[in-house]
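Notes follow the structure.
Derivation of every value follows stated rules applied to the coordinates shown; laboratory data play no part. Just so you know, these numbers come straight off a predicted model, no measurement behind them. Reconstructed Cβ throughout: ideal geometry from the backbone, glycine too, with neighbour counts over all protein chains shown.
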Amino acid sequence: MKPISAVQVLERLPNRDIIPLIHKKPEVDFYAVEEADISSLIPARNPFAHKGNFGHALLIAGSRGKTGAAVLASKACLRSGAGLLTAHIPACGEIILQTAVPEAMVEPDKEPDFISELNSFSKYNAIGIGPGIGCNEKTSGALLQLLKNANQPLVLDADAINLLSQNEQLQQALPRNSILTPHPGEFDRLAGVSDNAYERLLKACRLAVKLNAYIILKGANTATCAPDKKCYFNPTGNPGMATAGSGDVLTGIILGLLAQSYSPLNASLVGVFLHGLAGDTAASEKSQECLIASDIIENLSFAFKWLFATR
């Protein structure tokens with residue numbers, strides 16, 4: 001990782017012209033992620049491996065009208081190398097998911113339209129929650145149940161983060177080393193509105209320390225804020241990825257990596273880099289204007305092959 005100064009950080013943020021020059025060094029160490037850093041973190045597979053060696057992921061996603069979020073995250077998780085995936089979704093999405101992602105196992109909730117409760121999750125290696133789940137009161141209760149009882153690595157996105165912002169009890173129950181993947185709007189709901197991107201970034205760094213969690217602040221040059229007061233900027237990605245479902249894909253990628261026993265930091269860094277590189281490939285083929293979230297999933301194979309080829 002290449003250390004960078006606070007002034008160089010400004011070059012990676014929007015609206016830098018309105019941000020005053022930095023006179024005081026922030027209590028954070030900033031780094032620029034490079035391709036070689038990421039390729040070194042992806043292990044080669046043992047020729048004698050079986051699906052059990054690559055983990056069983058649990059994805060908790062979807063609500064009526066938002067089953068697509070569960071589909072995108074499920075596909076991304078499997079394309080990222082998870083050996084097995086179970087998707088816990090509202091009953092209304094069972095046929096959709098079984099048809100769209102036949103490789104996934106489906107655990108339907110008792111409620112037809114939203115997540116209301118979770119069964120035992122002790123058999124899973126990693127758990128992801130949030131894409132398309134909505135903010136129903138019973139869903140909030142299911143999230144609290146998960147946070148209090150899960151011993152596995154967790155990645156929280158979308159409405160799981162919105163629920164955290166509404167309930168201090170959920171924040172207090174958040175396990176150490178969890179990964180949160182907010183876009184700026186979701187982060188502002190969680191930590192308060194910021195006057196500019198630099199202020200938001202520093203808030204994310206402080207919140208990562210407070211929650212003892214990894215906060216992936218999505219956007220151009222996505223920043224991964226770690227609980228050890230380090231912040232890593234990702235070099236891949238493009239404006240075409242600012243499209244519906246792109247965040248669900250990132251959640252699936254990170255979940256798939258966690259299931260394979262990547263550490264929370266490495267899953268965050270590798271996941272964000274792969275997501276952006278796949279998006280760059282998709283944009284080069286289809287244009288930024290035509291890029292959709294499914295294109296990112298379809299180009300994950302190129303992203304993996306590129307990293308292996310550049311070792």
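Structural remarks
- Neighbour-limited loop hits for trypsin sites (Lys or Arg not before Pro), the range 39-95 (at most 14 other Cβ within 10 Å; DSSP other than H, G, I, E, B): ARG45
- In the range 213-311, the GluC sites (Glu not before Pro) that fall in loop regions by DSSP, at most 10 other Cβ within 10 Å: GLU289
- The range 126-268, relative contact order [Cα under 8 Å, separation at least 6], %: 23
- Cross-link partners of LYS148 among aspartates and glutamates (Cα-Cα below 15 Å; sequence separation of 8 or more within a chain): GLU117, GLU168
- Distance violations [Cα-Cα > 22 Å] among LYS51/LYS305; LYS123/LYS230; LYS229/LYS305: LYS123/LYS230; LYS229/LYS305
- Distance (nanometres) between label positions extended 7 Å along Cα→Cβ at GLU27 and LYS110: 4.7
- CD proxy at 222 nm, helix term only [per DSSP H run n ≥ 4: -39500 (n - 2.57); per residue of the chain; nearest 500]: -12500 deg cm²/dmol
- Computed from the C-beta positions of ARG64 and ASN196, the FRET efficiency with R₀ = 35 Å rounds to 0.40.
- Antiparallel bridge percentage (DSSP; both residues within the chain; nearest 5): 25
- Each Cα pair under 8 Å and six or more residues apart adds its separation to the average, and for the chain the resulting relative contact order is 20 percent.
- Residue of ALA197, ALA82, ALA158 that the Gaussian network model of the chain assigns the largest fluctuation, springs spanning Cα pairs under 10 Å: ALA197
- Tensor-based shape of the range 73-212 (alpha-carbon gyration tensor, a/c under 1.5 rounded, otherwise prolate or oblate): prolate
- The GluC sites (Glu not before Pro) of the range 70-120 meeting both criteria, a DSSP state outside H, G, I, E and B (loop) and at most 16 other C-beta atoms within 10 angstrom of the site's C-beta, are GLU103, GLU117.
- If you run the Gaussian network model on the chain, springs between alpha carbon atoms under 10 Å, then out of GLU35, GLU27, GLU107 the most flexible one is GLU27.
- Centroid-to-centroid separation of the range 39-96 and the range 128-150 [C-alpha atoms, Å]: 18
- Fluctuation leader among LEU202, LEU85, LEU274 - the chain, Gaussian network, Cα springs under 10 angstrom: LEU202
- Listed residues ALA197, ALA173, PRO102: farthest to the positive end of the dipole of the chain (Cβ charges): ALA173
- Within-12-Å neighbourhood charge of GLY132 [Cβ basis; K, R +1; D, E -1]: -2
- The modelled label-to-label distance between GLU289 and LYS51, using points 7 Å beyond Cα along the C-beta direction, is 4.2 nm.
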